[in-house]
Amino acid sequence: MEAFQLDIAERVAEQHRHHGKSQFFVVWGALLAMTAIEVYLTYQNMQPVRMLTILMGLSLVKAALIIGYFMHMKYEISRMKWLTMCSLVACLALMMIFFPDALRIITLGVR
Amino acid sequence: MAEATLPHDIPTLYEPSLFGTYSKKIGMWLFLLSDSLTFGALLYAYSYGRISTPNWPTPFHSASIVNATMMTAFLLTSSLTMVLAVRASVDGNAKSQRLWLLATMVCGLGFVILHGREWSKLIAEGLTLPVFPKIPGQEVSGEFANVAKTVPQFAATFFGLTGMHMLHVTMGIVYLGVVALRRNFIPILLIGWLAAWLGTPTYSPFHYAAHVLLLAAIVISIILWIKPKVYDSSDVEVAGCTGTSWIWSGCLFFLSCI
């Protein structure tokens with residue numbers, strides 16, 4: 001790496017040294033707790049759509065915790081956070097455009 | 001690329017990074033985003049099939065849910081050990097870094113073994129793909145014998161999605177092994193290949209996946225042995241070490257064809 005890249009890397013490493021390790025264990029505990037909630041929900045007699053909504057919401061929270069703390073996105077500048085996450089969400093949203101077609105097929109049938 | 005546009009007598013004149021961090025990190029994030037889209041596409045395919053098929057099978061009973069919970073716990077723990085390894089690297093503690101990397105590999109290996117057991121159970125009950133080898137002497141009369149015929153997209157999307165995930169975890173284990181142990185990892189990889197090759201029946205998909213391990217050993221041995229010898233050594237050493245490396249890699253390749 002060039003010298004200025006090494007400088008940036010060293011500054012990032014210095015920032016990381018200021019954050020304690022205990023936060024990682026707290027996040028890990030929260031992730032395991034959310035997993036336990038999800039497993040508990042699968043054994044409940046709930047409406048499928050309601051259960052899926054809760055499960056997807058918990059999955060998003062888990063993903064945010066992992067990206068923020070384990071992948072250190074929390075400590076990046078806001079431009080990095082906005083550009084990367086918004087572009088990912090936009091691409092995933094483009095895929096979801098075709099979901100109503102799946103529901104339509106059930107009522108329309110296939111010849 | 002930047003050097004091509006800037007005069008060489010002003011080495012420090014670079015534009016500040018758009019993302020405020022160094023290029024390797026930005027490159028890694030771009031790769032992660034593209035990988036997320038790959039898995040997003042596979043998840044979308046599974047979800048689309050699930051919504052649009054009225055007789056979608058539900059083969060995952062209590063034992064599978066317990067198995068999946070343990071697999072999730074292994075992966076979450078591997079995330080923790082990985083971030084602790086990164087932290088040890090930042091603190092300059094090489095020994096601690098290596099131990100945390102090995103712990104990450106153990107968690108990943110636990111995930112792969114549990115997932116392999118889940119796959120073997122489903123395949124034994126009749127849920128297969130046409131590309132999977134047939135189990136000799138076994139009548140397909142399990143719980144999912146009809147599923148492969150009536151809802152073939154279930155097996156395709158399930159094995160495609162989970163197989164892609166398992167491939168990522170396996171490649172991650174190999175990569176971490178190379179980072180943690182360098183050349184010392186190659187004998188371990190070979191022992192892993194032997195164990196997978198001898199421990200799985202020939203009709204199991206994992207028997208063929210074991211050869212991927214061997215191929216990984218060949219590629220890594222070429223990269224770790226030949227590259228530094230060719231570029232860093234004298235002509236005599238190059239001839240000797242290159243020849244040894246090629247003989248070694250050739251033997252491994254021959255074994256992989258068995």
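Just so you know, all these numbers are worked out from the coordinates, no wet-lab data involved. Only a predicted model underlies this, so the values are computations on that prediction, with no experimental measurement involved. Every residue, glycine among them, receives a Cβ derived from its backbone with ideal geometry; neighbour counts consider all protein chains shown.
Exposure proxy shown here: for B:Thr162, B:Thr58, the number of other Cβ atoms within 10 Å sets the order, fewest to most, as B:Thr58, B:Thr162. Shown for A:Cys91, A:Cys86: other C-beta atoms within 10 Å of each C-beta, ranked fewest to most, produce the order A:Cys86, A:Cys91.
Rounded to whole numbers, the Karplus 3J(HN,Hα) couplings from phi for the range B:60-77 are 9, 8, 4, 4, 5, 5, 4, 4, 5, 5, 5, 5, 4, 4, 4, 5, 5, 5 Hz, using 6.51 cos²θ - 1.76 cosθ + 1.60 with θ = phi - 60°, and x at Gly and Pro. Couplings 3J(HN,Hα) for the range A:72-80, derived from phi with the Karplus relation 6.51 cos²θ - 1.76 cosθ + 1.60 (θ = phi - 60°), are 6, 5, 4, 9, 8, 6, 5, 4, 5 Hz, where x marks Gly and Pro.
Look at the stretch B:19-30: the mean tally of other chain Cβ atoms within 10 Å of its residues' Cβ atoms is 5.
With a simple spin-label model that places each label point 7 Å from the Cα along the Cα-to-Cβ direction, the separation between A:Arg50 and B:Ile65 comes to 1.7 nm. Here the dipole of chain A is about 400 debye; that uses its Cα centre as origin and unit charges on the Cβ of Lys and Arg (positive) and Asp and Glu (negative). Between A:Ile97 and B:Thr53, the modelled labels are 2.6 nm apart [label points 7 Å from Cα along Cα→Cβ]. The residue list A:Leu60, A:Val26, A:Leu108 was ranked by how far each Cα lies along the charge dipole of chain A toward its positive end, using unit charges on Cβ atoms, and A:Leu108 comes out on top. Of interest is the spacing of the C-alpha centroids, which for the range A:41-80 and the range B:185-211 amounts to 36 Å. Restricting the calculation to Cα atoms, every distinct pair contributes to the Kirkwood radius of the range B:78-221, found to be 16.9 Å.
As a rough footprinting exposure proxy, the listed residues B:Val151, A:Val89 were ranked by other beta carbons within 10 Å of their own, and the order from fewest upward is A:Val89, B:Val151. If you take all other residues with their beta carbon under 13 Å from the beta carbon of B:Thr81, and give Lys and Arg +1 and Asp and Glu -1, the sum is +3. With a 10 Å cut-off around each Cβ of B:54-67, the average count of Cβ atoms from other chains is 1.
Taken residue by residue and averaged, Cβ atoms of other chains lying within 10 Å of the Cβ of B:72-82 number 4. Applying the Karplus relation 6.51 cos²θ - 1.76 cosθ + 1.60 with θ = phi - 60° to the range B:48-55 yields 3J(HN,Hα) values of 4, x, 4, 6, 8, 10, x, 9 Hz, where x marks Gly and Pro. The calculated Kirkwood hydrodynamic radius for the range A:29-108 is 15.2 Å, given to one decimal from all distinct C-alpha pairs.
Listed cross-link partners A:Lys62/B:Lys149; A:Lys62/B:Lys95; A:Lys62/B:Lys25 are compared with a 27 Å cut-off, the Cα-Cα value being larger for A:Lys62/B:Lys149; A:Lys62/B:Lys95.
Scaled to the globular estimate 2.2 N^0.38 Å, the Cα spread of the range B:17-85, given as radius of gyration, is 1.64.
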